[in-house]
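Participant: Here you go, one structure.
Nothing in this text is a laboratory measurement; each read-out follows from the coordinates by a stated rule. Since we're looking at a predicted model, the values are computed, not measured. Note that we place each Cβ from the backbone using ideal geometry, even for glycine, and neighbour counts take in every protein chain shown.
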Amino acid sequence: MARYEELYDRSGLPSEAYEGRITGQIAQLCRVYGMECGAPEVARSQPRASQLALV
């Protein structure tokens, strides 16, 4: 429990220091592997193209 209490506050959310460390690690991995890092894209409400008929 001590490690959990060290990383998370009473609300169950990570401390700002821990969250910042994890965010930094993710950003570094994104750079290393050439990935975009940031907020996820908004889901499309419409498909890119209409579905083709099978008949």
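Participant: Could you tell me whether residue 3 is out of contact with any Phe, Trp or Tyr (no Cβ under 9 Å at 6 or more places or on another chain), exposed (fewer than 10 other Cβ atoms within 10 Å of the Cβ) and either of a type outside the set (Phe, Trp, Tyr) or outside any loop (DSSP other than H, G, I, E, B) (or both)?
Facilitator: Taking the combined requirement at face value, the residue satisfies it.
Participant: Among 30, 37, which is the only one that is in a loop (DSSP other than H, G, I, E, B), free of Cβ contacts under 8 Å to residues at least 40 places away in the same chain and surrounded by 10 or more Cβ atoms within 10 Å (Cβ to Cβ)?
Facilitator: Only one candidate qualifies: 37.
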